[in-house]
């Protein structure tokens, strides 16, 4: 299967002891996070869109992240392979290796011109989340509205990504920005890790109107195993936790033990989100726009809370089993695990080739 989003690099660039290297946090043995090679093998992982980022929002820091990526491939070359195209991903499958497709969640690193997207494309970048929070390109889903969609520069970036063959990822952007991109892009687009807003009404999820346009675009949504994007009770619990934290901080500003006690009690009341709840999103989107536009995304190592039965990268078969029990056929399961993504990626590459022929 191909996973739409993974935040393994958090353990090298965004932790208390970070930055650190592969000797400090190994992935060839079971580790303390959600992702390592033994569990990827157990979960049937064939490819992953790996979020490449450094500790700071600087080009030097970002280049350091690419150095680490190349070191990962060198140290774990018998298991992992960096890929830059749909054909290279298929080849990695045949070689029995796990394909690492470089992606970028923080598009703010693309700066104010189109030079950096070209530079990073030449490094191997093949997927970009258009905005994590409101940036120069678009409005974020949970941030200030600046453009009421995407900016003029955002439209230029869509065209440039279409020309290069970079996947445009619409997770984290506002619904109006989603609509603008769908009206602008000449190639299929993806949601690398989002769910259906009708089932869980959070801004990060996708409205039905956008899902229907996504079908027309021939793109796909990679449904994500994030409990607060799956079930409204979990989302409400998180909101209550935020309010409780700030109230406790105000009531007991100098009492860390009281804060810990209250927040521990809150955390122990977490609503359970199950594989069945996750499968409901797959059923819903399949009924709305068809199985050809669905994929899977764990968002592993980027989330604090997990779904029961989908705790790490070894657990994808649990979801497939649940879907099979609901009547999903083998060819449908093959589509959502890898075939849909490979089809979209290939169409993006094909469109780029067509654009380059007319606009070298």
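The values are calculated or read from the model by the stated rules, or taken from the named source; none is laboratory data. Bear in mind the structure is a predicted one, so any value in this text is a computation, not a measurement. When we count neighbours, we look across all protein chains shown, and the Cβ atoms used for this are built from the backbone with ideal geometry, even at glycine.
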- Some residue of region 262-276 being in a helix (DSSP H, G or I), in contact (Cβ under 8 Å) with a residue 24 or more places away in the chain and closer than 24 Å to residue 50 by Cα: yes
| task | Could you tell me whether region 167-188 includes any residue that is touching a helix residue (DSSP H, G or I) at 6+ places or on another chain (Cβ under 8 Å), within 18 Å of residue 335 (Cβ to Cβ) and in the same structural domain as residue 127 (by TED's automatic domain parsing)? | result | yes
Checking 35, 23 in turn, the sole residue that is assigned to a loop (DSSP other than H, G, I, E, B) and in contact with a strand residue (DSSP E or B) (Cβ under 8 Å, 6 or more places away or on another chain) turns out to be 35
Residue set 324, 352; condition in contact (Cβ under 8 Å) with a residue 40 or more places away in the chain and out of contact with any strand residue (DSSP E or B) (no Cβ under 7 Å at 6 or more places or on another chain); output residue 352
Across (1) out of contact with any helix residue (DSSP H, G or I) (no Cβ under 6 Å at 6 or more places or on another chain); (2) modelled with pLDDT under 95, residue 161 clears everything bar (2)
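Kindly evaluate residue 351 against the criterion of being surrounded by fewer than 15 Cβ atoms within 10 Å (Cβ to Cβ) and either at positive phi or assigned to a helix (DSSP H, G or I) (or both).
Criteria not met by residue 351.
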Looking across region 40-84 at residues that are at pLDDT 95 or above, in a loop (DSSP other than H, G, I, E, B) and over 21 Å from the mean Cα position of the chain (by Cα), the single one that is nearest to residue 315 (Cα to Cα) is 79
Picking from 91, 133, 85, the residue that is assigned by TED's automatic domain parsing to the domain that holds residue 183, surrounded by 13 or more Cβ atoms within 10 Å (Cβ to Cβ), without any contact (Cβ under 8 Å) to a residue 60 or more places away in the chain and out of contact with any strand residue (DSSP E or B) (no Cβ under 8 Å at 6 or more places or on another chain) would be 91
- Query: surrounded by fewer than 24 Cβ atoms within 10 Å (Cβ to Cβ), closer than 25 Å to residue 57 by Cβ and assigned by TED's automatic domain parsing to the domain that holds residue 57, is that true of residue 217?
  - Reply: no
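Determine, yes or no, whether residue 110 is crowded, with 23+ Cβ neighbours inside 10 Å, under 30 Å from residue 71 (Cβ atoms) and free of Cβ contacts under 8 Å to residues at least 60 places away in the same chain.
Working: crowded, with 23+ Cβ neighbours inside 10 Å: yes; under 30 Å from residue 71 (Cβ atoms): yes; free of Cβ contacts under 8 Å to residues at least 60 places away in the same chain: yes.
Taking the combined requirement at face value, the residue satisfies it.
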How many residues of region 7-20 are in contact with a strand residue (DSSP E or B) (Cβ under 6 Å, 6 or more places away or on another chain) and either within 22 Å of residue 94 (Cα to Cα) or surrounded by fewer than 16 Cβ atoms within 10 Å (Cβ to Cβ) (or both)? The answer is 0
Of the conditions (1) in contact with a helix residue (DSSP H, G or I) (Cβ under 8 Å, 6 or more places away or on another chain); (2) at pLDDT 95 or above, the single one that residue 151 does not satisfy is (1)
Being more than 28 Å from residue 353 (Cβ to Cβ) and out of contact with any strand residue (DSSP E or B) (no Cβ under 6 Å at 6 or more places or on another chain) narrows 262, 210 down to just 262
